[in-house]
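Read through the structure below, which is laid out as structure tokens, and then see the notes.
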Amino acid sequence: MRQSQPYECPWADEEIELFRDMVTRFLDTEMAPADEAARKRGHVGHEIWRRAGELNLLCSDIPEEYGGAGGDFRHEAVFLEEMARRGLTGMNTGVHSIVAHYLLNHGTAEQRERYLPRMARGELVGAIAMSEPDAGSDLQAIRSRAVADGDHYRLSGAKTWISNGYLAGLVLVVCKTDPSAGAKGTSILIAETEGLDGYRVGRVLDKIGMKAQDTSELFFDEVELHRDQLLGGEEGKGFYQLMGDLPYERLIISVNAVGAIEGALAATIDYTKERRAFGQSVFDFQNSKFKLAEIATQARVARTYLDRCIQDLLDEKLDTVGASMAKMWTTDLQNRVIDECLQLFGGYGYTNEYMIGRMYIDARVQRIYGGTNEIMKEVISRSL
Ligand SMILES: Cc1cc2nc3c(=O)[nH]c(=O)nc-3n(C[C@H](O)[C@H](O)[C@H](O)COP(=O)(O)OP(=O)(O)OC[C@H]3O[C@@H](n4cnc5c(N)ncnc54)[C@H](O)[C@@H]3O)c2cc1C
């Protein structure tokens, strides 16, 4: 019997591995070399989005009839986890895919045809605008308001923390169409941003991490949107639409978490085997070996549960509780593990030059967005 069996991903096959080769080539030759400049600028720019579109890496699980690659969540997962393994957090393709799925699952045929092909080509970068300065976890408290006016809605409100916000060509805006009706008065409007009167991108927020990713404020001042830009064409469906896609969204965050854990572990093994102290490699200290053994075990446990969730999603069996468990547990683990990895780098870990330092600071937000981990516990506890 072999001492160590390589982990076999239960959902990968030859086609997926070929796709992975193409993804890693793109990341290593095009995205990674541009990352430092993107971090300085605060966004990755439109060109790389279009390039990813050209390579069929965007909307990979959207059917071909809407311009997608006609794959499934495995393709999405490969792209996300390979970026996370390399500490590349500039392109929020997760949010882009979530927007595409809202259109696919809830949009009218006309909305799907109008927007999805351009999203798949990277011409329209997608964003979803829920959070407001005074409403994050408590989404029912949002104040953005759309008032019907003939054929149009007039949309006003302020959104904040919007991922892809600076580059976004298509924003799904969660707003109230009937403020007196609570959740049933919430709708989602589709805003195509180019040349849109009354639409303004505010600051690209000065986050502590994920410096290459544009997270912005967005302002809507009496923005006129035609009634056919109401997602699904029916008012009051916003909360139902948001809830329906939660397993998909939470799994995306968990894929990022496990990818980052695996990338951090691999980088730390390499570093500790090379770095020498007291006449031996850092790896050879018993503390380092034990720490890395613990981390490798935790990474394997996380991977096993994640892969099970991915399979469940593919089989349309993943529920919100299972996905919330994955989001909460793997992102907590990501933060603990990367902290321990950074320790094994010593002072070099505490610089932006080393991937582990960037991974450490980028990991922190994983416990906050996509529903905070406290909200995940609320959701899980309701099922007990
Ligand atoms: C980098 C980044 C990107 C983001 N991207 C997007 C995006 O693309 N689109 C978007 O709409 N939003 C986005 N967000 C916003 C994000 O979803 C919110 O920050 C998050 O939902 C928390 O809301 P809040 O910041 O208002 O915190 P609050 O809701 O004010 O929470 C503050 C604290 O109270 C806790 N808390 C709140 N309610 C409860 C409760 N019921 N039980 C126990 N504890 C509770 C929270 O867990 C947290 O610890 C992003 C945020 C960041 C930082």
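Points to keep in mind about this one:
- Rounded to 10°, Cα long-axis angle of helix 286-314 versus longest principal axis of the chain: 40 degrees
- Surface share of carbon and sulfur [accessible, 1.4 angstrom probe, percent] for the chain: 50 percent
- Note on Arg203: accessible area approximately 140 square angstrom, rounded to 10, probe 1.4 Å, nucleic acids and ligands left out.
- Cα gyration tensor category, rounded, prolate or oblate, for the chain with a/c compared to 1.5: prolate
- The chain - charge dipole about Cα centre, Lys and Arg +1 at Cβ, Asp and Glu -1, debye rounded to 20: 1360 debye
- When Lys211, Lys184 are compared by accessible area of protein heavy atoms, the largest-first order is Lys184, Lys211, using a 1.4 Å probe.
- Of all DSSP bridge pairs formed entirely within the chain, close to 85 percent run antiparallel.
- Heavy atoms of Arg86: accessible area, 1.4 Å probe, square angstrom to 10: 60 Å²
- Dipole moment magnitude, nearest 20 debye, region 25-172 about Cα centre, only Lys, Arg, Asp, Glu C-beta charged: 400 debye
- Shape class of region 1-98 from the alpha-carbon gyration tensor: oblate, with a/c at 1.5 or above and b/c at least as large as a/b.
- Rounded, prolate or oblate (a/c below 1.5 giving rounded, otherwise prolate when a/b exceeds b/c) for region 257-318 by Cα gyration tensor: prolate
- Among Met328, Cys341, Ile310 the positive-end extreme of the charge dipole of region 271-384 (Cβ point charges): Cys341
- Rolling a 1.4 Å probe across all protein chains gives His43 an accessible area of roughly 30 Å².
- Per residue solvent-accessible surface (Å²) - region 43-182, probe of 1.4 Å: 35 Å²
- Of Glu353, Glu14, Glu235, the residue with the greatest mean-square motion in the GNM of the chain, using alpha carbon springs below 10 Å, is Glu14.
- Considering only Ala257, Gly238, Thr268, and ranking their Cα positions along the charge dipole of region 214-355 that arises from unit charges at the beta-carbon of Lys, Arg, Asp and Glu, the one farthest toward the positive end is Thr268.
- Options Gln286, Pro33, Val78, ranked by Cα towards positive dipole end of the chain, top entry (Cβ charges): Gln286
- Result for the chain in a Gaussian network model with C-alpha springs under 10 Å: among Arg25, Arg227, Arg364, the largest mean-square fluctuation is at Arg25.
- Taking Phe290, Phe219, Phe73 and ordering them by how much accessible surface each has at a 1.4 Å probe, largest first, produces Phe290, Phe219, Phe73.
- Considering only region 46-195, percent of DSSP beta bridges that pair antiparallel, nearest 5: 70 percent
- In degrees, nearest ten, helix 14-26 long axis to first principal axis of the chain (Cα): 90 degrees
- Probing with 1.4 Å while keeping every protein chain in the model, the per residue accessible area of region 223-353 equals 47 Å².
- Helix axis angle, 73-85 relative to the chain longest principal axis, alpha carbon, degrees: 60 degrees
- Heavy-atom accessible area ranking, 1.4 Å probe, most first, across Glu76, Glu65: Glu65, Glu76
The values are calculated or read from the model by the stated rules, or taken from the named source; none is laboratory data. Owing to the predicted nature of the structure, the values given are computational and were not obtained by experimental measurement. Neighbour counts are summed over all protein chains in view; Cβ atoms, including those assigned to glycine, are modelled from backbone coordinates with ideal geometry. Only protein heavy atoms, including side chains, enter the accessible area calculation; ligands, DNA and RNA are left aside. Shrake-Rupley method; radii C 1.70, N 1.55, O 1.52, S 1.80 Å.
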